[in-house]
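Written out below as structure tokens is the structure these notes cover.
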2 protein chains.
Amino acid sequence: MNFELTREFIDNLRMLIEANDERQVTELLQELHAADIAEIMDALSMEEAKYVYLMLDGEKASDVLIEIPEDDRKRFLNALPPEYIARQFIEFMDSDDAADILGELDEDVKKSVLNEIGDVEIAGDIADLLEYEEDTAGGIMAKELVAVNENWTVATCLKEIGRQSEDVDDIYYVYVVDDDNKLKGVLSLKKLILNSTNTQIKHIYNPDVKWVNTDTPQEEVAQMMEKYDLVAIPVVDDIGRLKGRITFDDVMDVMREEAERDYNMVSGITGDIEVGDKVWPLTRARVPWLMVGLFGGIMGSRVIGAHEEALSHLPATAFFIPLIAAMAGNIGVQSSSIVVQTLASGVRDFATPWQKLLKQLAVAFLTGGIFASLIFAYNFFFSDSMSLTYAVSLSLFIVMTLASVFGSLIPLALHRLKIDPAVATGPFITTMNDILGLTIYLFISQMFMNLM
Amino acid sequence: MNFELTREFIDNLRMLIEANDERQVTELLQELHAADIAEIMDALSMEEAKYVYLMLDGEKASDVLIEIPEDDRKRFLNALPPEYIARQFIEFMDSDDAADILGELDEDVKKSVLNEIGDVEIAGDIADLLEYEEDTAGGIMAKELVAVNENWTVATCLKEIGRQSEDVDDIYYVYVVDDDNKLKGVLSLKKLILNSTNTQIKHIYNPDVKWVNTDTPQEEVAQMMEKYDLVAIPVVDDIGRLKGRITFDDVMDVMREEAERDYNMVSGITGDIEVGDKVWPLTRARVPWLMVGLFGGIMGSRVIGAHEEALSHLPATAFFIPLIAAMAGNIGVQSSSIVVQTLASGVRDFATPWQKLLKQLAVAFLTGGIFASLIFAYNFFFSDSMSLTYAVSLSLFIVMTLASVFGSLIPLALHRLKIDPAVATGPFITTMNDILGLTIYLFISQMFMNLM
């Protein structure tokens, strides 16, 4: 029952499309999961993908629509009449998917689609969801959930679940609310099954429920669900009324998204990119951070240019330029990455700011000391110039210490200022430390040259 | 009901511990989730953490044991008698957690503990799990699940669930098996609730169930559950018998683990490290990759040293050494990161190897061309030497092209050879490209100097 996409499958499908064999194409796709169909469409040409998509029935078509890349979806939907979007796609979707997709459309198209939705309750739910910030609990939650009143019995409850569950694919938990729809607790389906039908809900529900507020950032939602192993978490408003729920699959998407964003940042890539993408998007994703590198390189050439005299006096000074730059860059990236990753995992450090700084300084001194000693030993045996030997070691020590401390403190400071600390990783920190390293190295070399 | 760990809470707890106020400490901890208690213990000193831990009752103590860092747990358990470990901790745990923790112990301790477990069935389950490779589906699955026979009715099923569910915290799905325990399909609790009690299971279960094999790599399990939004997936052996199940929380751990490993690799950190760790672990995590950088820097100094004559002839050649090295390093990291991330997400590219190479070449040419032109324009206006202007541009073009192509192909080749492609990111690729870049740049500069 597991499907694996192979090149043979794609080649075969292509042949059937070319032969315009609608019956066989439909048959081939019938049993497949929407995620598989989206993957297949991604491997096909635009024309072929369109052909495949038009073979799908309403519900499958809207499931697939959620899975395809945002750009393709936007282009496709903006070419369709609002009425068609509402009736053929949106009405089949869960409220969170519907809101995500409507949120991608142009403002006027979005409004028209909302007005074309037949069921006012559905339209209202989607309109409500569109109000929340995209990366908050409100922005990723769905309206579909099963809620029961604390005063009901198990029997009423089971009947209500039968009614409500038409819209809810997976129930996981039943949420217990009071007459004002305020969240009181949670009830597992297991408990519902194992209790007699005339038991009152208020006697069996668990009041120790974890919840998030509609404006809790999505990273915090993910950290919380991960920490407590929750399959779903209820979302409440400021006065505790139950507004929606977030399920584990939404949170997996958030985790993947966050991990990719941080990874892209540290490796200097802009935007969401894959090996399979076309030449221009692949190139475009690289240009911005390389531009930072180019700018840094030009700055570096100016710094060296300012010390041309020293260089012609002792050309061996140039030998260690790449070493200083590389070590400064590497240790800076390490430091900032440790901070970014700790912040992302939600683990907190209860040390005072001074303790933190002191520890980072200790790590920096120790690391700088190790490598300054190593390069001193190397130069002591292999270099002709004692002044260069001293200059390289001392510079490496200072540069590594500074780069390490900056690398730790800058992301911490950004986090304080509510700016994503991940921007201070990768090419940004490398470039900054390259220039800093060069400046210090050449200054110290000149000093030793004058001294000795 | 949400708990947030604050410095005030820690300070207050510390005071109570100091005053040896057992009653209040117990009261403070009573309502807390095991994950919170582990977090609290992490913020305390070793002695204080021990004090807190000894206040916990058997079941809570074993829940907390699962949450604390591996090193602490190992040190703690290896000091206890096997009988105590078996009776106080292991017997309270799910089979997957028990197997993970036993797997960390020394071989002889492990065997003694297994033999001390009172219930032979539990001991057998754990021993079975210990047979599987750690990073496969078998290694992360749990034995606890609810399975029903296809020939039963809903009523028998509900009774059986009541019996089996004592051991299973969250049911999610009921798995349907035949008389040989071979997996036939899946049944949601919702369907069970909504059907009449005399319906036969074989008429209502869903045969379209996704499953994994015991030796499926854990990354693939994660990709699959994420793709199909599965809250749990059954694990079968080679002839299709149901062996266990993996739940979403195990997979979230795998995702976090993989993301951290890849992130550490690209930023040059060894091991699992956090800002809150002590000075020596923080330093040790940095040394290995900095060593690679130091070695690369020394190699670089040798390459430049070999061209000392050219440098003294035109010292301005040295100005652009950092630029060439930085651009080569950055574009190499970008290329390898895109490949590593695509591989990690499980998205496949169905292009032939030649198409892939051709595309990477096109991206490399385009990117190299853009930056070679930019630096040409800069040097044309600001540099005195035409030969240097040509040499820098041409070198940058060649170096960026090569670095980009290598950066893409090396991780792909490693993946083919079943080696983790992430080792070819970060300092490794940067260092290699630094040296390559320097060699090419100095060779070309010399060539132009001789020509012009």
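The numbers here are math on the coordinates, done by the rules we state, and not lab data. Computed from a predicted model, the values in this text were never measured in an experiment. Quick reminder, even Gly has a Cβ in these numbers, built from the backbone with ideal geometry, and neighbours come from all protein chains shown.
So the values come out like this:
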quantity: Beta bridges per DSSP with both ends in the protein assembly as shown, % antiparallel, nearest 5; calculated: 75 percent
quantity: Out-of-range pairs (alpha-carbon distance over 21 Å; input A:210/B:143; A:190/B:159; A:210/A:243; B:60/B:190); calculated: A:210/B:143; B:60/B:190
quantity: Inter-chain shielding of B:7-15 (mean C-beta neighbours from other protein chains, 10 Å cut-off); calculated: 1
quantity: The stretch A:170-280: Cα Rg divided by the 2.2 N^0.38 Å rule of thumb; calculated: 1.44
quantity: Compactness of chain A - radius of gyration and Dmax, Cα, Å; calculated: 29.7, 96
quantity: Chain A: angle of helix A:427-451 to the longest principal axis, Cα-based, in degrees nearest 10; calculated: 10 degrees
quantity: Residue-averaged 222 nm ellipticity for chain B, from DSSP H runs of 4+ at -39500 (n - 2.57), nearest 500; calculated: -20500 deg cm²/dmol
quantity: Top positive-direction residue, dipole computed over the protein assembly as shown with Cβ charges, set B:413, B:287, B:395; calculated: B:395
quantity: At 7 Å out from Cα toward Cβ: residue B:179 inter-copy label distances (nm, ascending); calculated: 5.8
quantity: If the convex hull is drawn through the Cα atoms of the stretch B:58-180, its volume per residue in Å³; calculated: 124 Å³
quantity: Environment charge at residue A:6 (Cβ cut-off 15 Å; Lys +1, Arg +1, Asp -1, Glu -1); calculated: -4
quantity: Förster radius 56 Å - calculated FRET efficiency between residue B:149 and residue A:18, Cβ distance, rounded to 0.05; calculated: 0.75
quantity: Cut-off under 5 Å, modelled amide H: who pairs with residue B:199 long-range; calculated: B:154, B:155
quantity: Pseudo-label separations to other copies for residue B:271 - Cα-to-Cβ vector, 7 Å, nm; calculated: 4.1
quantity: Cα-based shape type of the stretch A:156-212, given that a ≥ b ≥ c are square roots of the gyration tensor eigenvalues and the cut on a/c is 1.5; calculated: rounded
quantity: Radius 12 Å from Cβ of residue B:446, net charge of other residues (Lys, Arg +1; Asp, Glu -1); calculated: -2
quantity: Phi to ³J(HN,Hα) by Karplus 6.51 cos²θ - 1.76 cosθ + 1.60 over the stretch B:71-81, Hz, x for Gly, Pro; calculated: 4, 4, 4, 4, 4, 5, 5, 5, 8, 9, x
quantity: Phi-based couplings in Hz for the stretch B:341-347 (Karplus 6.51, -1.76, 1.60; Gly and Pro marked x); calculated: 5, 5, 4, 5, 7, x, 6
quantity: Charge dipole (the protein assembly as shown, unit charges on Cβ, about Cα centre) - positive-most of B:64, B:16, A:328; calculated: A:328
quantity: Reach of residue A:356 by Cα under 23 Å, taken over lysines that are not fewer than 8 positions away in the same chain; calculated: A:418, B:278
quantity: Surrounding net charge for residue A:162, when Lys and Arg each add one and Asp and Glu each subtract one, Cβ distance under 14 Å; calculated: +1
quantity: Copies compared at residue A:21 - label distances in nm, ascending, label defined 7 Å from Cα in the Cβ direction; calculated: 8.0
quantity: Average partner coverage of A:264-274, which counts Cβ from other chains inside 10 Å; calculated: 5
quantity: Label-point separation, residue A:302 to residue A:417 (7 Å along Cα→Cβ), nm; calculated: 2.2 nm
quantity: Counting all C-alpha pairs of the protein assembly as shown, share separated by more than 48 Å (%); calculated: 31 percent
quantity: Cα pair distances exceeding 20 angstrom across the stretch B:330-452, given as percent; calculated: 49 percent
quantity: The protein assembly as shown, dipole about Cα centre (Lys/Arg Cβ +1, Asp/Glu Cβ -1), debye to the nearest 20; calculated: 3360 debye
quantity: Residue order, fewest to most surrounding Cβ atoms within 10 angstrom, among A:211, B:289, A:152, A:280; calculated: A:280, A:152, A:211, B:289
